[in-house]
Structure formats: C-alpha cells, structure tokens
Amino acid sequence: MTATAKDSGEASCPRPTRTCTKCGISRPVEDFPADKSVLSGRRASCKICERARHLAYREVKPEKAELYANNRRAREAADPAAAKAKWKAGRVASKDKKRLSSKAWRKANYEKFLAHKRAFYWRHVARLRAEYNSPQTGKAAARAQTYVRNREIVAQQGKLWRKANPFAARAIVMRRRARRLGADGSFGREDIERIFKAQRGKCAYCAISVKTKCHIDHILPLAAGGSNFPANIQILCPTCNLRKGAVHPVEFAQKIGKLL
Ligand SMILES: [Zn+2]
Ligand SMILES: [Zn+2]
C-alpha cells in the first residue's frame, strides 16, 4: 500500500460526468465551461449549449448584436480607461451574484450540497490528505502551531471561568463522571444553589458552615448505583465528604453516630 496521491485516490474512480441542464446529456465534466465563481467550478450547461446560445442570439437579433458591438467599440475608443473599469466592475458584480445564488442553492439543498462535498472529498482523498499534512504548506502544521501558541491562554481562561463559576464547573465534572460510571441524570448551577439554600449554607452531616468551602456529594455514591439527578445531591463540608468517601449513606450515618 505505497500508492502515491495520484494513483490511489483518483485513477481508481470512474471519470466524473455531469448532466447538462440545457440538453440533458451526461458528459465528462471537462465538457462544461470552467467558472471559478460557482461551487462546482464549472457552468451548469455544457460547452456546446453555451456556444449555441451565443450564436442563437446573433441569429435571432443580428442588428441588435451588431449595434451592441458597435456601441461598445465606440465607447471603448472614446475612453479606454473607463471602459476597462466598467468591464471590471461588471465582472465583480456578476461574480457576487453567482456566489450569492450558489449560497442560496446550498442553503435550499443542504443535504445535496453535503453529498457533493463528501463525494468530492472521497474522490480526491489522497491528494487532499497529502496537502493537509504537508509540512511546508499544510494546515496540520499550522494548526499544531496555533494550538501550542494558544494552549496557555486557553488553560488560563478555563481556570478563571472555573473560579468565577465553581458550581457550574463542579456540575460539569460530576456529569462527566456519572456518564463514565453509566449513571443517569444531570444537575446545574441552579440546582446546587437551591440545595445550598435548603441546607442554609451548612454541611448536611455536621452542620458546620460551608460558605467558604463546600463539597458536592452524591448521597448514594455513583459507584454504589446512585444517580446524578439533583435529588441525589447534597452539600458537605470537606471533612465530612472526605470521611464519607464512597460509603453507603446509611452506613456512614451510623459510623458518625447519626442514624437517619
Ligand atoms: Zn448541453
Ligand atoms: Zn461536615
């Protein structure tokens, strides 16, 4: 399996074709005029149809075609710079228009667009992967650099957020642990605030104030089959929480001489 980009990904696929929206004939994609401003990179009608359209206009309205051509030549001769600017502006405008219509099409046919995109990716997968991983021009190297550059900043931001939102941060950690242990349920900052108020800011076991330091505890430990729903949450002081560990709540209450 030491194939190069060219022969592994692309040569094994059949030559791509598409159907002309004018004549309805399926043709190789090379038979459609290139147009970088549309998503596929080519016009929807084939080269033959595009040429026919142009000739048909001259056929049907020769005097108009002639008039337009003469007018244009006269304008260009009178002010070459302005003519060039106008031509350029027109090109930009039509490009914008095409880009917008293509965007609208993508939105209206999102599934189709995704299918096209996926098909394109897999048709050119070897080349695209090689480009992505290229040490000189690839995105992989650039991304790795960005990650290293921002790692410290991201970590610092996380730290600050956790400090400003301790309950929310704990809730996230506990939800993750619950998922890992296969336990259902989740709770949020509001739930903890509500429980905190219900316990009047005191440890559920020893009634010491937990206003400066509180631990969030699963009444029936996750490890013993407890859920992660708010009903299974209580607030303990650090001492009680560490003493309780993963012991069953009734057992623990008995241990500290407090029968439930
Ligand atoms: Zn055609
Ligand atoms: Zn306590």
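No value in this document is a laboratory result; all are computed from the given coordinates. Everything numeric here is computed off the predicted structure, so don't read it as measured data.
Less than 28 Å apart at the alpha-carbon level, and either on another chain or at least 8 residues along: which lysines does that give for K202?
K159, K163, K211, K213, K244, K255, K258
Amide H neighbours of R18 under 5 Å, counting only residues 5+ apart in sequence or on other chains, H built in-plane at 1.01 Å?
Result for R18 returns R27, V29.
When the Karplus curve 6.51 cos²θ - 1.76 cosθ + 1.60 is applied with θ = phi - 60°, which whole-Hz ³J(HN,Hα) does each residue of region 139-153 get, with x for Gly and Pro?
6, 4, 5, 4, 5, 4, 5, 4, 4, 4, 5, 9, 4, 4, 4
Just to check I understand the Karplus step: with θ = phi - 60° and J = 6.51 cos²θ - 1.76 cosθ + 1.60, what whole-Hz values come out for region 68-77, glycine and proline as x?
4, 4, 5, 4, 5, 4, 5, 4, 5, 5
Mind checking the angle between helix 47-60 and the chain's longest principal axis? C-alpha axes, 0 to 90 degrees, to the nearest 10.
Long axis of 47-60 versus the principal axis of the chain: about 50 degrees.
Can you pick out the pairs among K22/K84; K22/K98; K61/K107; K36/K112; K36/K86 whose Cα atoms lie more than 30 Å from each other?
K22/K84; K61/K107
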